[in-house]
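I have placed the structure first, in the form of structure tokens, so that the comments after it can refer back to it.
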């Protein structure tokens, strides 16, 4: 039976369809089991990805049943199936493209968004209104226990920087070098995901280092402990005519800086 199917050119298209469906089932499951979904989408969609992987696996099994078993009972099945739909692409091309993309996804691991992406999308110390969780401030978080994102949210709700002078902070993020800032300043940032990596945007806090920032290259991950202060510095946002306005900003004066590995879940939500 197998030789008969392989010798029949039309049956190869069914085999390609099966491989395409099965390969995407494996790809989605690989992203889920390895935790690489954290680099791609919001955790709210993780269960949907797992369910989709299972459904695709069941569809590939059902397709195998049709091709290798039901076809033997009904020789006209293939001819009927071919007459029930039309293709925009030549037959087999669509499935071949899906297989190629799935293979690339299995071979190439997703990359963490970096400082170059942050500068392209625009660094900022503010969050959109949809991500402000003002209800979380009903229970005040001690300053030294706030994450970088919680500090940014606090600033959005209570934007006067002088209110935080002298407060302790311990935050983590990746390094961004901004050319219009003094040499001993870095922008410690994290990306915030609302749906997927495509719409991720960077937020962060300025950090004043004891020495030059050259010791900490862009994209390195740091844990920084210190005290909050306010300093008049060029604004993070640069206008289209490249004019940089100065403003009073909240700055973390670093007392301890430690390089850390890139987290398995580098984004915030």
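What number goes with the only condition from (1) modelled with pLDDT under 90; (2) in a helix (DSSP H, G or I) that residue 84 does not pass?
Unmet for residue 84, out of (1) modelled with pLDDT under 90; (2) in a helix (DSSP H, G or I): (2).
Hey, among 155, 222, which residue is touching a residue at least 40 places away in the same chain (Cβ under 8 Å) and either under 28 Å from residue 111 (Cα atoms) or surrounded by fewer than 16 Cβ atoms within 10 Å (Cβ to Cβ) (or both)? First the steps, then the outcome.
Details: 155 fails: either under 28 Å from residue 111 (Cα atoms) or surrounded by fewer than 16 Cβ atoms within 10 Å (Cβ to Cβ) (or both).
None of the other options fit; the residue is 222.
Mind checking which residues of segment 27-42 are crowded, with 16+ Cβ neighbours inside 10 Å and either out of contact with any helix residue (DSSP H, G or I) (no Cβ under 7 Å at 6 or more places or on another chain) or not assigned by TED's automatic domain parsing to the domain that holds residue 54 (or both)?
Matches in segment 27-42: 38, 41, 42.
So residue 204 ticks every box in (1) free of Cβ contacts under 8 Å to residues at least 60 places away in the same chain; (2) surrounded by 20 or more Cβ atoms within 10 Å (Cβ to Cβ) but one. Which box is left unticked?
So the condition that residue 204 fails would be (1).
Conditions (1) at pLDDT below 90; (2) on the phi > 0 side of the Ramachandran plot; (3) touching a strand residue (DSSP E or B) at 6+ places or on another chain (Cβ under 7 Å), marked per residue:
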site	(1), (2), (3)
129	yes, no, no
155	yes, no, yes
168	no, no, yes
172	no, no, yes
189	no, no, yes
192	no, no, yes
196	yes, no, yes
199	yes, no, no
214	no, no, no
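The values are calculated or read from the model by the stated rules, or taken from the named source; none is laboratory data. From a predicted model like this one, the values you see are computed outputs, not experimental measurements. Cβ coordinates were reconstructed from backbone atoms using ideal geometry, including for glycine residues, and neighbour counts include every protein chain displayed.
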